[in-house]
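So the structure is just underneath, and the comments pick up after that.
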Amino acid sequence: MRVTPVRLLSSLASLAFAGTAGANTSNGYNLPPGVTDISQAIYGLHMEIFWVCVGIAVVVFGAMIYSLVMFRHSKGAVPDTTMVHSTKVEIVWTIIPVLILVAMAVPAAEIILKMEDTRNSELTVRVTGYQWKWQYQYMDQAEGIGFFSTLKQDSNFARQLNSGVDPSTVPNYLLDVDHPLVVPSGTKVRILLTSQDVIHAWWVPDFGVKRSAIPGFVNELWFKVEPGKEGIYRGQCVALCGRDHGFMPVVVDVRTPDDFKKWVEEQKAALKQAAAPAAAAPATAQVVDVKPAG
Amino acid sequence: MAHAHADTAHHDEHHDQPISGIRRWLFATNHKDIGTMYLVFSLIMFFVGGSMAMVIRAELFKPGLQLVDPGFFNQMTTMHALIMIFGAVMPAFVGLANWMVPLQIGAPDMALPRMNNFSFWILPFAFTLLLSTLFVPGGAPAGGWTMYPPLVLQGGNFVPMLIFAVHLMGASSIMGAINVIVTIMNMRAPGMNLLKMPLFCWSWLITAYLLIAVMPVLAGAVTMLLTDHFFGTSFFNAAGGGDPVMFEHVFWFFGHPEVYIMILPAFGIISEIIPTFSRKPLFGAVSMIYATASIAFLSFIVWGHHMFVDGMPVAAQLFFMMSTMLIAVPTGVKVFNWTATMWRGSLSFEPPMLFAVAFLFLFSIGGFSGLMLALTPADFQYQNTYFVVAHFHYVLVPGAVFAIMAAVYYWLPKWTGNMYNMTLAKTHFWLSAIFVNVLFFPQHFLGLAGMPRRIPDYAVQFTDWNMVSSIGGFGFGLSQILFAVVIIQCVRGGAKATSTVWEGATPHGLEWTIPSPAPYHSFTEAPEVK
């Protein structure tokens with residue numbers, strides 16, 4: 001991308017109205033409200049605590065600024081050296097923050113309980129982190145389907161040191177993969193998350209889910225995308241996992257339950273074909289137990 | 001008796017001036033010399049760590065990789081953190097403690113001067129070892145300053161060097177802490193009971209206990225890394241029945257109190273400066289001490305908030321969320337007390353006060369984002385994004401670092417006997433205060449919009465704020481050259497400072513009763529404190 005002062009200024013001016021990229025719901029400077037109950041609840045909590053902080057800031061910064069303006073030595077202000085202590089005031093400004101915190105902790109606790117309730121899931125996918133790609137293996141009705149998901153070739157080419165390719169010409173630069181995770185909308189999808197090497201973390205901002213993928217551990221998380229919100233949702237690995245940590249995106253393709261069913265059938269047919277002795281070139285799906293090279 | 005007395009007098013005279021040459025520094029046992037060495041060392045490390053930050057911001061100026069490969073980028077982020085935390089901020093506070101604790105409590109020196117020498121001279125070796133990893137096969141540590149296994153154990157030759165460097169830093173910190181505690185407990189001037197002791201000494205006393213409590217924990221954690229790497233143990237190796245998450249627990253049991261080790265002395269400094277330039281005693285001095293002690297206690301029971309996304313039972317999530325939120329209460333008390341100190345005062349804005357006021361505002365912003373991060377569900381969205389980077393840089397740079405600069409500008413005339421160039425110092429302040437916000441404020445937006453931390457390259461929608469942040473970074477980095485210029489000029493000469501230094505303001509404490517520069521040996525006879 002060519003950087004000119006004009007471009008920088010114009011982009012600064014337009015920041016307040018920054019557009020969204022793809023289906024992601026962030027406006028470019030705030031959390032995405034997202035497309036699940038959880039992500040929207042988190043967004044609500046985030047805005048609530050934000051405004052609480054703004055409120056406290058107005059009062060405290062207001063008092064500071066008032067002091068800075070009104071009680072200046074240069075304006076002949078005379079210090080009130082008797083003002084050194086007031087038990088009453090000190091109790092008040094200890095109690096009020098406690099009350100605010102309790103008021104914030106209650107809704108937060110409710111969301112935690114909801115997030116951790118992984119019962120009654122309708123589709124389970126095992127997600128495994130590798131340096132530097134994700135493996136998705138389906139269970140339940142899509143049992144047998146599984147594949148690796150790696151950074152798309154055009155991004156991978158452009159991201160090399162001095163590649164000469166302008167990243168802004170690459171669609172969804174660094175946020176696109178060869179095989180996205182495909183899931184149905186309106187369905188409670190459970191992810192069982194682990195890692196084969198170092199600690200990774202799987203995050204889709206629009207779903208409000210982020211968990212570490214830890215070798216030797218299986219972490220559980222779930223999301224349920226509202227019907228009508230089908231689309232491609234993008235995230236990234238968010239735990240430093242070595243050299244190419246920045247280059248293992250998470251891409252989820254949310255389809256309607258019907259489309260998902262169709263996709264599962266296609267994948268299963270491709271699997272059957274690949275398993276047959278005189279099979280043609282394998283399709284996008286790979287056999288579950290494929291080990292990554294290297 | 002007369003003979004003995006004459007002997008002592010002769011002895012004193014002999015040592016009244018420092019010995020000349022390199023031996024003065026190599027064999028230093030004088031708290032002022034050792035304090036100076038700590039502060040100079042810290043300033044050098046501040047520029048070394050800062051230049052690494054410049055590499056990071058230059059690479060992040062626009063998308064695509066233009067300057068460094070991802071491996072080297074990771075080395076820069078890791079080394080930047082290690083150097084700034086262990087090489088710049090912590091030694092700066094120890095240097096200030098060395099200079100100011102004896103002067104403030106009316107003691108002739110630190111209690112254990114030879115150990116003091118040792119704890120300083122370990123540091124250049126520790127950082128030579130750490131920095132030399134940049135030149136060994138496989139490069140410097142690149143797994144983050146948190147050294148999480150298994151990633152850190154994939155490293156090349158740096159692994160043992162990193163671990164021994166951390167051991168050396170830990171040993172140095174523990175010795176420094178022991179010295180502060182022993183000095184404060186045993187060498188206060190007659191009449192100075194603990195409640196009369198200046199807040200800077202109080203905050204350092206509490207910090208010293210934190211250091212003694214947690215540095216051995218870090219040493220234990222890195223030793224387990226060492227045996228995992230070289231001696232076939234499996235503390236953190238899942239394949240051998242170990243537990244990578246255990247390292248995180250042990251590390252953050254050190255790591256969270258470490259955060260307060262880097263901010264409590266800053267609180268002490270601010271509590272000294274604001275009353276001086278408000279010409280009014282500190283409001284609620286006793287509640288300040290209680291608040292500092294409560295923060296120190298709470299710092300031991302909040303470590304889990306660094307690990308919410310690693311998977312934790314609901315009960316643990318609730319516990320760590322609430323204990324973390326509780327820290328806001330004593331911290332709030334401190335901010336309110338400082339504000340109340342300025343209220344109905346008579347304020348003037350010399351460089352130390354400017355930095356202290358900026359600290360109040362900007363540290364509070366870091367506190368607000370900390371409160372947001374404490375809420376577990378929201379933390380799931382913020383964790384490991386630039387929002388966290390913005391948060392801890394707000395508390396560390398305009399927090400801890402501004403407090404250190406405020407302290408230097410406050411006591412520099414006492415150390416050198418010269419006033420410094422006020423205009424230049426104020427220019428340094430305004431440039432720093434403006435650029436630090438240009439640098440770190442946009443990182444809140446980047447994090448919320450979804451940019452992970454510790455990535456060398458990013459999706460194009462993050463370009464604008466990254467450019468703004470990088471411009472702020474370059475501006476902030478360059479502004480710090482002024483800091484060095486002001487200090488060097490002041491050491492070389494300038495208008496003579498009086499013993500009070502801040503004429504017209506109300507500096508309070510024993511350090512202002514002795515001449516400027518502070519004589520090489522001060523308080524050889526204990527002052528009487530009423």
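What follows is calculated from the coordinates using simple rules that are stated; it is not laboratory data. On a predicted model such as this, the values are computed, not experimentally measured, just so you know. We place every Cβ from the backbone using ideal geometry, glycine too, and count neighbours over all the protein chains shown.
Before moving on, here are some points about what is shown:
- When A:CYS237, B:CYS490 are arranged by Cβ crowding within 10 Å, least crowded first, meaning fewest neighbours, the order is B:CYS490, A:CYS237.
- Rg/Rh for chain A, where both radii come from Cα atoms and Rh is the Kirkwood radius: 1.12
- Cα gyration tensor shape of the range A:87-162, rounded if a/c is under 1.5, else prolate or oblate by comparing a/b with b/c: oblate
- Above 44 Å, the calculated P(r) of chain B contains 14 percent of its Cα-Cα pairs.
- Gaussian network model of chain A, Cα within-10 Å springs - most flexible of A:GLY228, A:GLY62, A:GLY246: A:GLY62
- Stokes-Einstein D in µm²/s, Kirkwood radius over Cα pairs - the protein assembly as shown at 4 °C with 1.567 mPa s viscosity: 46 µm²/s
- What the Cα atoms of the range A:123-275 give is an Rg and a Dmax of 15.5, 45 Å.
- Beta bridges by DSSP in the protein assembly as shown, antiparallel share as percent, to the nearest 5: 70 percent
- Centre-to-centre, using Cα atoms only, the range A:120-199 and the range B:76-96 are separated by 38 Å.
- Relative to one another, the C-alpha centroids of the range B:114-153 and the range B:447-491 are positioned 24 Å apart.
- Between the exposed loop cleavage positions of chain B, defined as GluC sites (Glu not before Pro) in a non-H, G, I, E, B DSSP state with at most 10 neighbouring beta-carbon atoms within 10 angstrom, the longest gap is B:1-502.
- Anisotropy class of the range A:37-115 from Cα gyration tensor, a/c 1.5 cut: oblate
- One chain, two ends: B:ASN193 and B:GLU503. Fully extended at 0.36 nm per residue, the span grows by 108.9 nm beyond their Cα-Cα distance.
- Cross-link table A:LYS75/B:LYS414; A:LYS133/A:LYS188; A:LYS114/A:LYS188; A:LYS188/A:LYS210; B:LYS280/B:LYS426; B:LYS196/B:LYS530, entries beyond 18 Å C-alpha to C-alpha: A:LYS75/B:LYS414; A:LYS133/A:LYS188; B:LYS280/B:LYS426
- Semi-axes of the equivalent ellipsoid for the range B:402-501, Cα gyration tensor, largest first, Å: 38, 11, 10
- For B:LEU347, the residues whose modelled amide H falls within less than 5 Å of its own, excluding neighbours fewer than 5 places apart on the same chain, are A:ARG72, A:HIS73.
- Chain B, relative contact order [Cα under 8 Å, separation at least 6], %: 18 percent
- Highest-fluctuation residue, A:ASN24, A:ASN172, A:ASN162 considered, GNM on chain A with Cα pairs under 10 Å: A:ASN162
- Look at B:PHE247, B:PHE483 and count the other Cβ atoms within 10 Å of each Cβ; fewest to most, that gives B:PHE483, B:PHE247.
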